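Read-outs throughout are calculated quantities, based only on the coordinates presented, and are distinct from any laboratory measurement. This structure is a prediction, so every number in the text was calculated from the model and none was measured. As a convention, Cβ positions derive from the backbone with ideal geometry for all residues, glycine included, and neighbour counts pool all protein chains shown.
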Amino acid sequence: MRFSNYSNSRMLSAAWVLMMIGYSVQAQSNPEGTRPELDVVTVDTSLVTINVSVRDHKNRQLPDLKLEDFHVTDQGKIVRPEFLDSQGPLSIVFVIDVSSSMRGHWQELKSGLKKFLAKEPEGSDYTLITFNERAQLVTSSTDAKRLWETFKTLRPYGETALYDGLLLGLEALEQAPQRHKALVLLSDGEDNSSQAGLAMVEHQTLRHHATIYSVGITFEGILSSYQPDGKKLLTQLAAATGGLVQFPKSSGLPTVLDSIRADLSNQYSLSYYPPEKTPGWHRVEVNIAQSTSRLKLRYQERYQMR
């Protein structure tokens, strides 16, 4: 037993000596404690994604386009798209008004949202932002079932911080895992309690590469809860990002949400590396190569390189 302990001791001593010799050799080859040189891997993170909706002269969605069908320029220079996503999973951020004025629209909204979630592509994820007098992230990057279970427990109350809700929704888009992503805004009134201002919303919108669908719910009567400035904002948000804006009565919410789902499911998501990586605003132009028919394309024509 003593002999075994002695042998083990000698083996440990030898291992310690060898380790110190190795350390000494490394120190000599890297004087003054400098680290040995390592291979550096550079990753290009400037990938730009543009969502494109393509319709023919009869306003029918155009399916089955290929990567080579798209002609894209960035700052006037031709770029070659690297990826094309269509009919695949989506990342959708819902920004929903839960102020007290939504009580009269609540059942129609629940019905439309439930139908929307039942038909989305497998693998899609959802984030829910709500706003009344303050904006709140309710759930992030979850599946359709969990989003619905969370949403149906909500009850509307309070004022309307629409701008704050939009900004929080745009921040959530930065964390969305899919290249194909969109923000869906639903509200029945203009902002009356946000800390952020209109100028901040307009600026931040174009910094995020995502389509915005604006739904301004109106009252059943002749009067609308949206004044000209409110309608102008929602229209601009959708137009600037290649989305859609609609002002339905609450009874039309299920139909409107269904049309948004169909539009999203048939969008093309193009990704490319820009030829110029200088900070600032970049202008994009997308066309269908060698097309002889009259086509209507919707997409975000400007984005900000940071």
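Can you grab the distance from the C-alpha centre of the stretch 250-306 to the C-alpha centre of the stretch 141-168, Å, no decimals?
When both Cα centres are located, 26 Å separates them.
Mind ordering 121-134, 55-68, 86-99 by average Cβ neighbours within 10 Å, highest first?
The most tightly packed comes first, giving 86-99, 121-134, 55-68.
Would you list Leu244, Leu264, Leu297, Leu183 from fewest to most Cβ contacts within 10 Å?
Going from least to most buried by this count: Leu297, Leu244, Leu264, Leu183.
Ordered by residue, what ³J(HN,Hα) values in Hz, to whole numbers, does the stretch 83-92 give under the Karplus form 6.51 cos²θ - 1.76 cosθ + 1.60, where θ = phi - 60° and Gly and Pro are x?
9, 9, 10, 8, 6, x, x, 10, 10, 10
Taking θ as phi - 60°, what are the ³J(HN,Hα) couplings along the stretch 173-185 by the Karplus curve (6.51, -1.76, 1.60), each to the nearest whole Hz, with x for Gly and Pro?
Rounded to whole hertz, the list is 4, 4, 8, 5, x, 8, 5, 8, 9, 7, 10, 10, 9.
Please list, in order along the stretch 241-248, the HN-Hα scalar couplings obtained from phi with the Karplus expression 6.51 cos²θ - 1.76 cosθ + 1.60 (θ = phi - 60°), rounded to whole Hz, x for Gly and Pro.
10, x, x, 10, 10, 9, 10, x
Excluding Ala289 itself, calculate the net charge of residues whose Cβ lies under 13 Å from the Cβ of Ala289, where each Lys or Arg counts +1 and each Asp or Glu counts -1.
-1
If amide H atoms are built 1.01 Å from N in the plane of the peptide, which residues on other chains or at least 5 residues away come under 5 Å of the amide H of Phe70?
The answer is Ala289.
Work through the residues other than Pro254 whose Cβ is under 14 Å from its Cβ and net out their charges, Lys, Arg +1 and Asp, Glu -1.
Here the charged neighbours net out to +4.
Please go through the residue pairs Lys119/Lys181; Lys114/Lys231; Lys66/Lys277; Lys114/Lys249; Lys145/Lys181; Lys110/Lys145 and name each one whose alpha carbons sit more than 24 Å apart in this structure. Let's see the in-between values first.
Numbers: Lys119/Lys181 16 Å; Lys114/Lys231 26 Å; Lys66/Lys277 26 Å; Lys114/Lys249 18 Å; Lys145/Lys181 19 Å; Lys110/Lys145 13 Å.
Listed pairs above 24 Å: Lys114/Lys231; Lys66/Lys277.
Please give the peptides 144-154, 106-116 ranked by average Cβ packing (other Cβ atoms within 10 Å per residue), highest first, as a rough proxy for protection.
The peptides rank, most packed first, as 106-116, 144-154.
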